[in-house]
Amino acid sequence: MKREDLNKYNTNNIRIPTERTDGETSRAAGATAKTLFGMTWKAVKTVLFVALFSAIAVGISMAIYVLSFRDVEPPNIGSMNLDYTSFVYVQDASGNWVEYMPLKGVENRVWVEYVDIPQTMIDAMVAIEDKRFFEHDGVDWIRTAGAVVNLGSDGGGSTLTQQLIKNLTGRNEVSFTRKIEEIFMALNLEKAYSKEEILTAYLNVVNFGSGTRGVQAAANLYFGKDIMDCNIAQCAAIAGITQNPYQFDPLIYPENNQRKQKMVIEEMLAQEKITQQEYNDAMAEADNMQFVGYENNAALEDANPENDEDTDIWNWYIETLFEDLIDDIMAVENLSRDLAILQIYRGGYEIYSAMNPTLQEEVEQLFKNEEILPADPNVNFGTYIIDYTGKTLAVVGNRYAKTGNRVWNNAVDTTRQTGSSIKPISIYAPAFEEDFITYGTVLEDEPIQNFFRDTGKPGPYNFSRTYEGTMNVPKAIAMSQNAPAAHIVNDMGPEVSYNFLAQNLHFENLDPSRDMGLSPMALGGLTNGATMREMAAAFQIFGNGGVYNKPYTYLYVKNHDGSTIVDNRDKAGEQAMNADNAAVMNKLLHGVIYDPNVGTGRMVQIDGVDIFGKTGTTDEMADIWFIGGTHDCVASIWNGYTEGLVTLEDTDTAKVMWRALMVYLTENSERFGLSANSGYYVSENIVQRSYCSDSGLMPGEKCVHIESGWYNPNNIPRTCNGGSDHIAKGSSTSPSPSPSTSPSASPSPSPSPSPSVTPSESPSPS
């Protein structure tokens, strides 16, 4: 048999190619390149598709955003030409509305109708500001495109319609949103009004320098004549003012006005609104233009008669009402502040005030009694009084005689540091809302390391200069101890306190970059301070079931047509905190008044009157507060020097004044109808329980130190085990480090000095 050659399976004899042919190499390289190109193209297509779809998505989102402004309401220019006196009404003893007083004021504005405006004035204004005014629909899209490209400068894209809107609303910030809103507002304005109505409004409300509004007032001031009698050069001088009423004011910068005036005349010629001869005559007159001004100007006597001025001195309530009304008219009518004021004076409003004139008058008289005022006549004060529905009962803005209207009002204009009076609303109320504490919770009364950021020292200091190691919530509030309050904020987080003030209680002067910190929230060292109105409004929640009602000074307002435009009647408040938690806080704030050992507000007690409240004294004794409530109302009182953070010698004056006020209101409660409509309410759901003061828990069999407190039924602590649950109390009575004796910063001369937010090493007493 033939044997098989086994060597043929020997791989050593098999030939293996060591390299490819040129064709094979070329084909492999091509395949690789094709693969790489395919992968690259797929990646590019993916990127392109993603970019395309992203662009479409962004475009759709942008279109939706832009179109969301399409129905924006334009300002109401239909009532701009009214010349009717507004009246304030109050209710008499029988509840009938009776006229109380007119609101009159002096303004340098005289309305002139379109038919009484010369064509020359119209041509001059259109030529320099908006040459296609009679052709566009409110927006000049060619100029707007340029403005979009040059967003930072607005690019001169505004039409007269858009400029009217800016003047009416007072909004002129450079932003995409504002520009889009303005465009749709202009389009809608031109749908609602004719070109003549829009131009009439523009020529009557625009600022023409030197305090004038409108071409008639400008003609009266600068040339001593009516606008109908002004020639081309004079109309051009007036038209040139609007772009910058200060820089082109002919009484201040006549050379600037002349330059602008000539530009107007040149544009009028270029747009064939005047002939060459009219151009030559106007230019010649411009070179020798004379302005009359205020002196020996008979026209101004007719334009602003002296008897148009309100010579009656308003009381503090009307003062506050007027400022409140300005804010509401700005919002409702979409007007600037200045034009809202003009509308109030000239719009024929019927203002139905919440004021009881007798109550206001008698409270103002009460605070003229030197026996209850600070002994130092330079120490000022302010007070704001509301009921538990937000109704303002009385306002006193100064201790001195009121000599004018719309003057500085301490009750609503002055913002000062609050000291410890802030603690119930910035610390304890939000801590209850977060279930962070209960009535008997044991708090640390020890310094926090690195509390003073500038020195790194521990703090804060207590007024007693001692620390007790621990104490329960009632004692911490009653004696206004600083360290326990700071520990709550430190553990809970300053942002919780800040948000409660800003969102739940609507404090308007907070600084998010500086106030969301341990010291401002725990000790009241707010950057901009708070007003008496803010503090009174905040404390109402402890007497009405936790509801925040914005303070109001009038019930409703009607315009000249009889339509109600502002209405505070039956306006629902906001639930700022749980009603049961608010009731527990009400009980705790009684300790400030009635704790016989440590209550800092004991001197405000009144026989037969139930009171809750809180004292407040700032570092260096510069501000003294007392905020408290009875069943009738809540009142906040502040004492301090108007200018500068000057130490007060008597720290009891706010309490003395508050007590005198409440004695008077209580004695006259029925006459003023206070109790019946005050809105006072304390939840009956809360339950009284014993607690172990060593643990803050419900007492167990081994607990020895038992106290009584009030609890939200949904937040009752568990039972104490009598052992490890007990928190060892310190017995430290050693003084804290000596407070700094460095003088405070130089006082600010402004009426409302900005307090320092750096915590002082001097302990606040309350």
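Here are the numbers:
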item: Selection within segment 442-474 - within 19 Å of residue 525 (Cβ to Cβ), open to solvent by 40 Å² or more (accessible area, probe 1.4 Å) and among the hydroxyl-bearing types (Ser, Thr, Tyr); result: 455
item: Candidates 517, 524, filtered to the one that is closer than 22 Å to residue 590 by Cβ, modelled with pLDDT under 95 and not basic (Lys, Arg); result: 524
item: Count - residues of segment 439-459 that are small (Gly, Ala, Ser), in a loop (DSSP other than H, G, I, E, B) and closer than 14 Å to residue 487 by Cβ; result: 0
item: Selection from segment 426-441 of residues that are open to solvent by less than 70 Å² (accessible area, probe 1.4 Å), closer than 16 Å to residue 493 by Cβ and not polar (S, T, N, Q); result: 427, 428, 429, 430, 431, 432, 433, 437
item: Filter result for the condition that a residue is modelled with pLDDT under 95, acidic (Asp, Glu) and outside any loop (DSSP other than H, G, I, E, B), over 181, 255, 278, 267; result: 181
item: Filtered residues of segment 604-637 (kept if in a helix (DSSP H, G or I) and under 21 Å from residue 396 (Cβ atoms)); result: 604
item: Check on residue 439, touching a helix residue (DSSP H, G or I) at 6+ places or on another chain (Cβ under 7 Å), hydroxyl-bearing (Ser, Thr, Tyr) and closer than 25 Å to residue 521 by Cβ; result: yes
item: Residue count for segment 383-394, restricted to those that are open to solvent by less than 10 Å² (accessible area, probe 1.4 Å), assigned to a strand (DSSP E or B), touching a Phe, Trp or Tyr at 6+ places or on another chain (Cβ under 7 Å) and of a type outside the set (A, V, I, L, M); result: 1
item: Complete set of residues in segment 113-141 that are in a loop (DSSP other than H, G, I, E, B), closer than 12 Å to residue 199 by Cβ and either touching a residue at least 60 places away in the same chain (Cβ under 8 Å) or open to solvent by 10 Å² or more (accessible area, probe 1.4 Å) (or both); result: 113, 117, 133, 134
item: Qualifying residue in segment 364-382 (condition: in contact with a helix residue (DSSP H, G or I) (Cβ under 6 Å, 6 or more places away or on another chain), β-branched (Val, Ile, Thr) and crowded, with 22+ Cβ neighbours inside 10 Å); result: no
item: Pairs with Cβ under 8 Å, 6+ apart, first in segment 187-209 and at positive phi, second of a type in the set (A, V, I, L, M, F, W, C) and open to solvent by less than 50 Å² (accessible area, probe 1.4 Å); result: 209/218; 209/241; 209/248
item: Residue within segment 584-603 that is in contact (Cβ under 8 Å) with a residue 40 or more places away in the chain, open to solvent by less than 10 Å² (accessible area, probe 1.4 Å), out of contact with any Cys (no Cβ under 8 Å at 6 or more places or on another chain) and closer than 12 Å to residue 540 by Cα present; result: yes
item: So residue 357, is it touching a strand residue (DSSP E or B) at 6+ places or on another chain (Cβ under 7 Å) and more than 16 Å from residue 319 (Cα to Cα); result: no
item: Residue in segment 641-651 that is within 20 Å of residue 425 (Cα to Cα) and either in contact with a Phe, Trp or Tyr (Cβ under 8 Å, 6 or more places away or on another chain) or crowded, with 21+ Cβ neighbours inside 10 Å (or both) present; result: no
item: Selection status of residue 333, modelled with pLDDT of 95 or more, open to solvent by less than 70 Å² (accessible area, probe 1.4 Å) and under 24 Å from residue 100 (Cβ atoms); result: no
item: Scope segment 697-722; condition within 39 Å of the chain's Cα centre (by Cα) and not in a loop (DSSP other than H, G, I, E, B); matching residues; result: 709, 710, 711
item: In segment 691-726, residue surrounded by the fewest Cβ atoms within 10 Å (Cβ to Cβ) [restricted to those that are among the aliphatic types (A, V, I, L, M) and in contact with a strand residue (DSSP E or B) (Cβ under 6 Å, 6 or more places away or on another chain)]; result: 706
item: Qualifying residue in segment 185-196 (condition: in a loop (DSSP other than H, G, I, E, B) and over 14 Å from residue 160 (Cβ atoms)); result: no
item: Residues that are assigned to a helix (DSSP H, G or I) and buried (at least 24 other Cβ atoms within 10 Å of the Cβ), drawn from segment 479-500; result: 482, 483, 484, 485, 486, 488, 489, 497
item: Matching residues, segment 188-240, being in contact with a strand residue (DSSP E or B) (Cβ under 9 Å, 6 or more places away or on another chain) and not basic (Lys, Arg); result: 204, 205, 206, 207, 212, 214, 216, 217
item: Residue match in segment 682-690 (condition: out of contact with any Pro (no Cβ under 8 Å at 6 or more places or on another chain) and either modelled with pLDDT under 95 or open to solvent by less than 90 Å² (accessible area, probe 1.4 Å) (or both)); result: yes
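So that you can scan it fast, the table gives a plain yes or no per residue for (1) assigned to a loop (DSSP other than H, G, I, E, B); (2) open to solvent by 40 Å² or more (accessible area, probe 1.4 Å); (3) touching a residue at least 24 places away in the same chain (Cβ under 8 Å):
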{"site": "516", "(1), (2), (3)": "yes, yes, no"}
{"site": "519", "(1), (2), (3)": "no, no, yes"}
{"site": "541", "(1), (2), (3)": "no, no, yes"}
{"site": "550", "(1), (2), (3)": "yes, yes, yes"}
{"site": "569", "(1), (2), (3)": "yes, yes, no"}
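The values are calculated or read from the model by the stated rules, or taken from the named source; none is laboratory data. A quick note: this is a predicted structure, and the numbers were derived from the prediction, not measured. Every residue, glycine as well, gets a Cβ built from its backbone with ideal geometry; the counts of neighbours run over all protein chains shown. In case anyone asks, the SASA skips ligands and DNA or RNA and just uses the protein heavy atoms, side chains included. Shrake-Rupley method; radii C 1.70, N 1.55, O 1.52, S 1.80 Å.
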